[in-house]
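A.B. asks: This is the structure, below, for whatever I ask next.
The values are calculated or read from the model by the stated rules, or taken from the named source; none is laboratory data. Quick caveat: nothing in here was measured; it's all calculated off a predicted structure. Ideal geometry is used to build each Cβ from the backbone, glycine not excepted, and the neighbour counts take in all protein chains shown. Heavy atoms of the whole protein, side chains included, go into the accessibility calculation; ligands, DNA and RNA do not. Shrake-Rupley method; radii C 1.70, N 1.55, O 1.52, S 1.80 Å.
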Amino acid sequence: MVKPSVLVTRRWPAAVEAQLTENYNAVLNTGDKPMSPAEFRDALKSYDAVLPTVTDTLSAEALDVPAAQTKILANYGVGYSHICEPSARNLGMTVTNTPDVLSECTADLAMTLLLMVARRAGEGERELRAGDWSGWRPTHLVGTKVSGKTLGIIGFGRIGQEMARRAHHGFGMKILVQNRSAVSAEVLKQFNAAQVETVDDLLPQCDFVSLHCPGGSTNRHLINGRRLDLMKPDAFLINTARGEVVDEHALVQSLMFDTIGGAALDVFDGEPRISPDLLQCDNLVMLPHLGSATRESREAMGFRVLDNLSDFFAGRTPRDQVI
Ligand code: DGY
């Protein structure tokens, strides 16, 4: 039997690439260079499956092909707001993602950011590396206590729940939740959490706010200037979801004028481009989209793609079909 042809758009963990090569006629992106919309259109005409990830903008333009050979976009990653859903549907394509296997590591990173910004770890490291540390003193880089404070979680899916677990059971934090649908009492009880109706209800009550909702047009600038003004003046915003969820221009204003305590971002609107204004904010911690970046998660994400592909090519519905 002829093996299906598969295009992998970026470098993946070696063990997963080896398995892909064994199971499929796989073409790997050994140069790890992002593909252009024109290269995508060519790929969609010739491969049975394309395996994209968050850095691949599969816009209406990139998916504008009259007759696609590709029948499945098996995405490496849980978020898929980089794939134009109406265009994928028009082409009759199946789209899958990789949930679950990155939830714990992404929540670990969100907690890392929360602690870093509260305890001014970024500022401290910058000072030390610049050779500017003059020694211990009672008033030096004094931060904010985390234990026992209130954490607001926007988006209470798998990653949001893992964040609640760490914050509540590890740091005794009080958890407030805002989610599109009602969260079951059983789930809330695990973290002694309470659900509020709207984002506006949540923001004024929290010392920390962590975003775990999907990106895309629905949530674009969910956190805008008006909502940043609803936060307490010493509260912190953490974003490991998607860059577009936060209006970065408004965030810069809040950070520069100290209308919030600080922010910590792992994701950026239009990344990897970073707004130069963000770089000027001392009360901001930034990481280069590392949420799922552990050996364990990145391998598991790849093997989850392999599961989805084998279901699809065996004629079964892939477990992670999202479109
Ligand atoms: C995801 O899975 O959506 C991450 O942001 C990429 O690791």
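A.B. asks: So Val65 fits all but one of (1) open to solvent by 50 Å² or more (accessible area, probe 1.4 Å); (2) part of a loop (DSSP other than H, G, I, E, B); (3) of a type in the set (A, V, I, L, M, F, W, C); what number is the exception?
C.D. replies: (1)
A.B. asks: Could you tell me which residue of segment 73-106 is nearest to the ligand (Cβ to nearest atom), considering only residues that are open to solvent by 30 Å² or more (accessible area, probe 1.4 Å) and in a loop (DSSP other than H, G, I, E, B)?
C.D. replies: Looking at the filtered set, the residue picked out is Val78.
A.B. asks: To continue, here is another question. Would you pick out the residues in segment 226-255 that are in contact (Cβ under 8 Å) with a residue 24 or more places away in the chain and farther than 18 Å from Ile274 by Cα?
C.D. replies: Restricting attention to segment 226-255, the residues satisfying the condition of being in contact (Cβ under 8 Å) with a residue 24 or more places away in the chain are 227-255.
Selection gives Arg227, Leu228, Asp229, Leu230, Met231, Lys232, Pro233, Asp234, Ala235, Phe236.
A.B. asks: Identify the residue in segment 187-201 that is open to solvent by 60 Å² or more (accessible area, probe 1.4 Å) and in a helix (DSSP H, G or I) and, among all such residues, is nearest to Leu222 (Cα to Cα).
C.D. replies: Among those that are open to solvent by 60 Å² or more (accessible area, probe 1.4 Å) and in a helix (DSSP H, G or I), it is Asp201.
A.B. asks: While we're on this one: In segment 156-167, which residues are crowded, with 21+ Cβ neighbours inside 10 Å and in a loop (DSSP other than H, G, I, E, B)?
C.D. replies: Going through segment 156-167, the residues crowded, with 21+ Cβ neighbours inside 10 Å turn out to be 156, 159-161, 163-164, 167.
Phe156 - this is the single residue of segment 156-167 that is crowded, with 21+ Cβ neighbours inside 10 Å and in a loop (DSSP other than H, G, I, E, B).
A.B. asks: Also, I was wondering about something else. Provide a single number: the residues in segment 115-155 that are in a helix (DSSP H, G or I), buried (at least 19 other Cβ atoms within 10 Å of the Cβ) and hydrophobic (A, V, I, L, M, F, W, C).
C.D. replies: First, pick out the residues of segment 115-155 that are in a helix (DSSP H, G or I): 115-118, 121-129.
Among the residues that remain, those that are also buried (at least 19 other Cβ atoms within 10 Å of the Cβ) are: 116-118, 122.
Applying the additional criterion that residues be hydrophobic (A, V, I, L, M, F, W, C) yields 116-118.
Total meeting the criteria: 3.
A.B. asks: Another question about this same structure. One residue is enough: does segment 24-33 have a residue meeting the conditions of a type in the set (Phe, Trp, Tyr), touching a strand residue (DSSP E or B) at 6+ places or on another chain (Cβ under 7 Å) and open to solvent by 30 Å² or more (accessible area, probe 1.4 Å)?
C.D. replies: To start, the set of residues in segment 24-33 that are of a type in the set (Phe, Trp, Tyr) comprises 24.
Filter once more, keeping what is touching a strand residue (DSSP E or B) at 6+ places or on another chain (Cβ under 7 Å): 24.
Those left that are additionally open to solvent by 30 Å² or more (accessible area, probe 1.4 Å): none.
Checked segment 24-33: no residue is of a type in the set (Phe, Trp, Tyr), touching a strand residue (DSSP E or B) at 6+ places or on another chain (Cβ under 7 Å) and open to solvent by 30 Å² or more (accessible area, probe 1.4 Å).
A.B. asks: How many residues are farther than 23 Å from Lys145 by Cα, surrounded by 19 or more Cβ atoms within 10 Å (Cβ to Cβ) and under 12 Å from the mean Cα position of the chain (by Cα) when one looks only at segment 203-227?
C.D. replies: So the answer is 2.
A.B. asks: When the residues of segment 49-62 are filtered to those that are open to solvent by 30 Å² or more (accessible area, probe 1.4 Å) and not aliphatic (A, V, I, L, M), which remaining residue is farthest from the ligand (Cβ to nearest atom)? Outline the logic, then answer.
C.D. replies: Restricting attention to segment 49-62, the residues satisfying the condition of being open to solvent by 30 Å² or more (accessible area, probe 1.4 Å) are 54-55, 57, 59-61.
Among the residues that remain, those that are also not aliphatic (A, V, I, L, M) are: 55, 57, 59, 61.
Values: Thr55: 9, Thr57: 14, Ser59: 17, Glu61: 22 Å.
The qualifying residue farthest from the ligand (Cβ to nearest atom) is Glu61.
A.B. asks: Now for a different question. Of the conditions (1) β-branched (Val, Ile, Thr); (2) open to solvent by less than 30 Å² (accessible area, probe 1.4 Å); (3) assigned to a helix (DSSP H, G or I), Thr112 fails just one. Which one is it?
C.D. replies: (2) is the only condition that Thr112 fails.
A.B. asks: Which numbered condition trips up Ala38, out of (1) at pLDDT 95 or above; (2) open to solvent by 10 Å² or more (accessible area, probe 1.4 Å); (3) not in a loop (DSSP other than H, G, I, E, B)?
C.D. replies: Only one criterion in (1) at pLDDT 95 or above; (2) open to solvent by 10 Å² or more (accessible area, probe 1.4 Å); (3) not in a loop (DSSP other than H, G, I, E, B) is unmet by Ala38, namely (1).
A.B. asks: Same structure again: Kindly evaluate Gly92 against the criterion of being over 26 Å from Cys213 (Cβ atoms) and either out of contact with any helix residue (DSSP H, G or I) (no Cβ under 7 Å at 6 or more places or on another chain) or not polar (S, T, N, Q) (or both). Explain how you work it out, then say what you get.
C.D. replies: On the way: over 26 Å from Cys213 (Cβ atoms): yes; either out of contact with any helix residue (DSSP H, G or I) (no Cβ under 7 Å at 6 or more places or on another chain) or not polar (S, T, N, Q) (or both): yes.
So Gly92 passes the test.
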